[in-house]
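One structure is given here, and the rest of the page talks about it.
Where a number appears in this text, it was derived from the coordinates with a stated rule and is not lab data. None of these values were measured; they are calculated from a predicted model. Here Cβ is always computed from backbone atoms with ideal geometry, including for glycine, and neighbour counts include all displayed protein chains.
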Amino acid sequence: MRLVIALLLILLGAVGAVLLDRGLFEEQLSSRPQAPGAEQPAPAKRTAANQPSPETPRPAVDTPAARPPHPPRTPMERPNGTFTHDECVTCHRKRQPGLMDQWDASEHARRDVTCVDCHGANHDAIFAVEGLVATAQCAKCHEKETYEFLASPHARARDAALANGRLKAQIPAMQRRGCLACHDSGGGSQGRCNACHGAHRHSAADARRPEACGTCHMGPDHPHLEAWESSLHGVAYGATHDTRQAPTCVTCHMDGGSHHVGFGITIGSSGSGGVLEGEQPAIPMKVITAAHAKNERKRMLAICERCHTPRMARRALEDADAIKREVDRLVGEAARIVRALYDDVLLDPMPKERPAHPTAGHTLVLGGGALYENHSDAERIFFDLAKFGHSITFKAAYHQSADWTHWLGMARLKADLEELKALDRRTRKAAAIAAAASKTKPGK
Ligand code: HEC
Ligand code: HEC
Ligand code: HEC
Ligand code: HEC
Ligand code: HEC
Ligand code: HEC
Ligand code: HEC
Ligand code: HEC
């Protein structure tokens with residue numbers, strides 16, 4: 001009997017040790033930062049002590065070979081009527097096994113949030129809305145997040161795009177794929193919380209990654225991801241993967257998990273940014289009160305001050321404010337040139353000689369909804385200058401990226417301004433010569 005108990009204890013010990021080992025392994029794996037491009041710490045020198053023994057179970061590696069292949073998919077008519085959660089799962093596991101893997105990995109699956117909770121039970125109704133899930137469905141269980149989200153600039157993004165002339169100038173498929181894919185992160189009844197969370201993983205950790213913001217916040221008019229990555233903040237985060245030491249988008253813009261991304265924003269807002277009340281912007285900009293600016297700046301500085309002194313952080317943001325005002329001034333200078341050409345009927349072609357602008361008809365549009373087509377040379381240069389140079393410069397300045405602020409921003413803006421001035425001189429010279437020629441024409 002004693003022998004049996006002793007044997008059992010030894011066996012239990014061995015199993016325990018193996019389990020403990022695996023637990024440690026997995027803990028190491030899961031605590032390891034996941035962002036791509038992350039520098040992995042240098043591997044520890046191999047010593048006899050830290051060499052895995054042959055018996056140590058290997059941590060699971062997710063290679064295609066390690067898992068059974070997805071079963072072949074057979075064509076199928078769409079079913080009609082209502083179904084239970086278990087029926088949805090059984091059928092869709094055969095149809096979209098990858099989607100079901102995402103759901104299996106989610107907090108929702110663990111907490112018994114069912115297909116029906118989000119999609120409803122009626123398959124015909126699901127088809128009628130093309131599988132979309134309204135924010136109102138999420139609100140049933142996530143009131144706080146939905147409320148904050150709906151009050152945020154993200155929820156107005158859809159309407160901002162729908163009202164914009166540039167959207168109206170596109171075919172419907174381009175409106176959907178080339179505008180609304182980024183601008184339908186919220187608003188209306190079909191908001192897309194999944195823009196950041198993934199439709200079936202619905203993971204908070206996925207959304208915290210700067211890449212989740214970068215699907216939209218990138219490119220030549222708002223290179224936030226690129227600017228952040230190339231700033232000391234991005235680099236420090238790449239080294240530490242610790243938001244207590246180095247900030248990501250979410251550290252500064254979603255403090256405490258708030259979904260209100262308007263937090264801490266002053267004149268450096270989206271689009272062409274803003275101006276203080278009383279100032280006259282050359283192109284459409286948001287107008288904010290001095291009191292609002294002061295209050296929001298205080299909130300943003302409170303975040304900086306977790307890592308920097310108030311003086312250091314304030315200097316950085318005040319420099320960015322000064323850069324914003326300077327690019328606003330340069331845009332003003334450029335706008336005056338284009339407006340004067342318009343007033344003197346020297347744009348070629350003039351707005352009345354070309355197809356009507358979708359919202360402004362045959363009038364001159366600068367900034368905001370200006371098109372990148374159906375316009376004159378002068379307006380084309382202005383488009384680049386305002387949409388790219390102006391935006392990049394101030395947005396990169398608020399995100400501490402030196403190269404984007406100067407060489408990819410300011411240098412581009414100023415070169416465009418010089419090109420515009422040269423075009424203006426050429427146009428006016430040619431007009432003067434033409435006027436003189438018509439005066440000296442015989443018979444005049
Ligand atoms: C927490 C809410 C939620 C739950 C739970 C949920 N879904 Fe979804 N589902 C969504 C959202 C959001 C979308 C994306 C809609 C869109 O296109 O924006 C979606 C899309 C889909 C699509 C179309 C996806 C594609 O890419 O083609 C299928 C199929 C689907 N869901 C099936 C299911 C099934 C089956 C279940 C149950 C296992 C389920 N869903 C559970 C929210 C949910
Ligand atoms: C008997 C099989 C079956 C059952 C049960 C079933 N579905 Fe489907 N579902 C389909 C098929 C087939 C499609 C069309 C796409 C395809 O071929 O896979 C589809 C499409 C969808 C779509 C995408 C619609 C679109 O326009 O892209 C969603 C969302 C969806 N199902 C959710 C559900 C939910 C939720 C349930 C349970 C209430 C459910 N399905 C039950 C077979 C099924
Ligand atoms: C029937 C209730 C229910 C519905 C509907 C629902 N959720 Fe959840 N959700 C939960 C519960 C429960 C949890 C786990 C506890 C928590 O974090 O609040 C959760 C967790 C989450 C998380 C955090 C997951 C993590 O990584 O910790 C996200 C993000 C989320 N839900 C998003 C959504 C979105 C977006 C929708 C709508 C498309 C939605 N949920 C619909 C109940 C629901
Ligand atoms: C702009 C990207 C973005 C969008 C859009 C978004 N979320 Fe989130 N969400 C996040 C981030 C980032 C976090 C993690 C915040 C943190 O903990 O620091 C998060 C966390 C959550 C959580 C977990 C909260 C907790 O305390 O565990 C829930 C629930 C949630 N979101 C629901 C929603 C719902 C519902 C919507 C749509 C109304 C939505 N989210 C839209 C980025 C987003
Ligand atoms: C699906 C596309 C999309 C994703 C993903 C996205 N955003 Fe946005 N974001 C937008 C659009 C579009 C606007 C402009 C809204 C407007 O002003 O009309 C915006 C505006 C903003 C603003 C400016 C607010 C202001 O007051 O001017 C901030 C800050 C912001 N987003 C932060 C984030 C962060 C942080 C993430 C990631 C957690 C994120 N966004 C993810 C599309 C997106
Ligand atoms: C160290 C803090 C910090 C980090 C990290 C950060 N931002 Fe910002 N962000 C700011 C400040 C400060 C402003 C301008 C505030 C103002 O108007 O006074 C701003 C402004 C914005 C705006 C409005 C337009 C603009 O650029 O001025 C958007 C959109 C935005 N940030 C998105 C992002 C995204 C996406 C990321 C991650 C890739 C990110 N931010 C990372 C601090 C930060
Ligand atoms: C790659 C994603 C993406 C695409 C594509 C995109 N946008 Fe945006 N847009 C954004 C983001 C992100 C912002 C906010 C950040 C910023 O401006 O600093 C924004 C800002 C705007 C604003 C300014 C909002 C405000 O409140 O001032 C307008 C208007 C706009 N976009 C219209 C459009 C239109 C129209 C299209 C298609 C012709 C389009 N966008 C295509 C991501 C996108
Ligand atoms: C979570 C910590 C953290 C937060 C929050 C933070 N920073 Fe930083 N910041 C760093 C780190 C780390 C560096 C890298 C250089 C260093 O260690 O000084 C840095 C560098 C900088 C630099 C460049 C300094 C130089 O020597 O060139 C500026 C400017 C800056 N931060 C401004 C800000 C502003 C403004 C805010 C708030 C909007 C802010 N930071 C928020 C951690 C932070």
What ranking of 176, 354, 412 emerges when the number of other C-beta atoms within 10 Å of each C-beta is taken as an exposure proxy, fewest first?
176, 354, 412
Using the count of nearby Cβ atoms within 10 Å as a rough guide to exposure, how do 267, 283, 392, 171 rank from fewest to most?
171, 283, 267, 392
Excluding residue 325 itself, calculate the net charge of residues whose Cβ lies under 12 Å from the Cβ of residue 325, where each Lys or Arg counts +1 and each Asp or Glu counts -1.
-4
Among 263, 127, rank each residue by its count of other Cβ atoms within 10 Å, from fewest to most, as a rough exposure measure.
127, 263
Over 27 Å (Cα to Cα) - which of 286/395; 324/429; 168/298; 298/324 fall in this group
324/429; 168/298
